[in-house]
Amino acid sequence: MSIEPIYEARNIVRNFGSVQALQGANFDVRPGEVSALIGDNGAGKSTLVRILAGADQPNSGELFFQGQPISLGNPTDARSRGIETVFQDLALANHLDPIQNMYLGRELMKPGLLGRMGFMQTSEMREVGRVAFNDLGATVRNFTGPVGGMSGGQRQAIAVARAAAWAKNVIFLDEPTAALGVVQTKGVLDLIRRIKDKGIAVVLISHSMPHVLEVSDRVHVMRQGKRVAVLNSKDTSVEELVGAMTGALDGKEAA
Ligand SMILES: Nc1ncnc2c1ncn2[C@@H]1O[C@H](COP(=O)(O)OP(=O)(O)OP(=O)(O)O)[C@@H](O)[C@H]1O
Ligand SMILES: [Mg+2]
């Protein structure tokens, strides 16, 4: 019996001039599942995620959300469907502090006239934000400075906490631990498990095969702009994943 995907991409093509970044890529996410998306540098992972997140549009191909065809003009279209993304370049507003980044575009306003005049529930936002960041292992010590002045790892933790706070259906994490230390990486892997426990689908892009095997249910392997294999994490190995990435196992499908 096949499980209905909550989100699916079929036959996605994306060209940048003469570069064929995606050459008919398929992808599917099941509800409450952790999927890993792996592949060598330039395989097309980030391009696919940007399209699934509404940040880029394909030249051709289709997206289906909860079984319905959709088109996404921008990331807000995706967010309105409960789809959140940590982009590889993080996409933070450097002049704002961590909490302001977390609530960017979704500020909690005071009730009534004050809210309509633009007054925000600052203390409530600060409290909820602080808890979310602390959940990740307290990487963020300074909640009031602009994130542009923070370390790569702190900025990464802020982007992950923000996406986790708002995701309702699917969260894409494009190399969320690339800049993190050991403790913070463990914090993100734990967070992925907690998000999954809430029934939210997680898509993790990572070059760390041990991390991929540790947290994911299925692994999607991309090579040269296409998904070339889907493997069940519990039945595969680092060796098999590397084989798939380099082309030795093209076409193998998970049950
Ligand atoms: N905006 C762009 N303009 C031109 N070429 C692009 C652009 N974005 C991606 N590409 C090209 O598309 C291909 C796929 O890139 P993509 O970033 O999707 O790979 P990736 O699998 O995420 O790699 P990595 O593991 O290095 O992050 C690469 O050849 C890249 O140079
Ligand atoms: Mg990438």
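Could you please tell me which pairs satisfy a Cβ distance under 6 Å, a separation of 6+ or placement on different chains, a first residue in the stretch 14-29 that is in contact (Cβ under 8 Å) with a residue 12 or more places away in the chain, and a second residue that is more than 9 Å from ligand 1 (Cβ to nearest atom) and assigned to a loop (DSSP other than H, G, I, E, B)?
Every condition considered, the pairs that remain are Arg14/Pro58; Arg14/Asn59; Asn15/Asn59; Asp28/Pro5; Val29/Pro5; Val29/Ile6.
Report, by residue number, each residue of the stretch 1-35 that is more than 13 Å from ligand 1 (Cβ to nearest atom), touching an Asp or Glu at 6+ places or on another chain (Cβ under 9 Å) and of a type in the set (A, V, I, L, M, F, W, C).
The answer is Ile3, Ile6, Ala9, Val29, Val34.
So which residues in the stretch 222-246 are within 25 Å of Ser18 (Cβ to Cβ), in contact with a helix residue (DSSP H, G or I) (Cβ under 9 Å, 6 or more places away or on another chain) and of a type in the set (Val, Ile, Thr)? It would help to see each step written out before you state the result.
The first filter runs over the stretch 222-246 and keeps only residues within 25 Å of Ser18 (Cβ to Cβ), leaving 222-228, 245-246.
Adding the requirement that they be in contact with a helix residue (DSSP H, G or I) (Cβ under 9 Å, 6 or more places away or on another chain) leaves 222-223, 225, 227-228.
If the condition is that a residue be within 25 Å of Ser18 (Cβ to Cβ), in contact with a helix residue (DSSP H, G or I) (Cβ under 9 Å, 6 or more places away or on another chain) and of a type in the set (Val, Ile, Thr), then Val228 is the only one that fits.
For (1) modelled with pLDDT under 80; (2) under 21 Å from the mean Cα position of the chain (by Cα), each residue gets a yes or a no:
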site	(1), (2)
Gly67	no, yes
Gln88	no, yes
Ala93	no, yes
Leu96	no, no
Met102	no, yes
Met117	yes, no
Gly129	yes, yes
Ser151	yes, yes
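What pairs come up if the first residue lies in the stretch 41-53 and is farther than 15 Å from Thr246 by Cβ, the second is near ligand 2 (Cβ under 8 Å from one of its atoms), and their beta carbons are under 7 Å apart, counting only those six or more places apart or on different chains?
Cβ pairs passing all conditions: Lys45/Ile205; Ser46/Gln88; Ser46/Asp174; Val49/Asp174; Val49/Ile205.
Which of the residues that make up the stretch 36-47 are under 14 Å from the mean Cα position of the chain (by Cα), within 16 Å of Leu204 (Cβ to Cβ) and within 8 Å of ligand 1 (Cβ to nearest atom)? Even if it seems obvious, please write down each step before you answer.
Just the residues of the stretch 36-47 that are under 14 Å from the mean Cα position of the chain (by Cα), to begin with: 36-38, 45-47.
Now restrict to residues that are within 16 Å of Leu204 (Cβ to Cβ): 36-38, 45-46.
Of everything in the stretch 36-47, those that are under 14 Å from the mean Cα position of the chain (by Cα), within 16 Å of Leu204 (Cβ to Cβ) and within 8 Å of ligand 1 (Cβ to nearest atom) turn out to be Lys45, Ser46.
Quick one: Thr76 ticks every box in (1) at pLDDT below 95; (2) away from ligand 1 (no atom under 16 Å from the Cβ); (3) among the β-branched types (Val, Ile, Thr); (4) surrounded by 14 or more Cβ atoms within 10 Å (Cβ to Cβ) bar one, so which box is it?
(4)
Just checking, which of Arg50, Arg81 is modelled with pLDDT of 95 or more and within 10 Å of ligand 1 (Cβ to nearest atom)?
Result: Arg50 is the single residue among Arg50, Arg81 that is modelled with pLDDT of 95 or more and within 10 Å of ligand 1 (Cβ to nearest atom).
The values are calculated or read from the model by the stated rules, or taken from the named source; none is laboratory data. Keep in mind that what you see is a predicted model, and the values were worked out from it rather than measured. Counting neighbours? That spans all protein chains shown, and the Cβs are built from the backbone with ideal geometry, glycine included.
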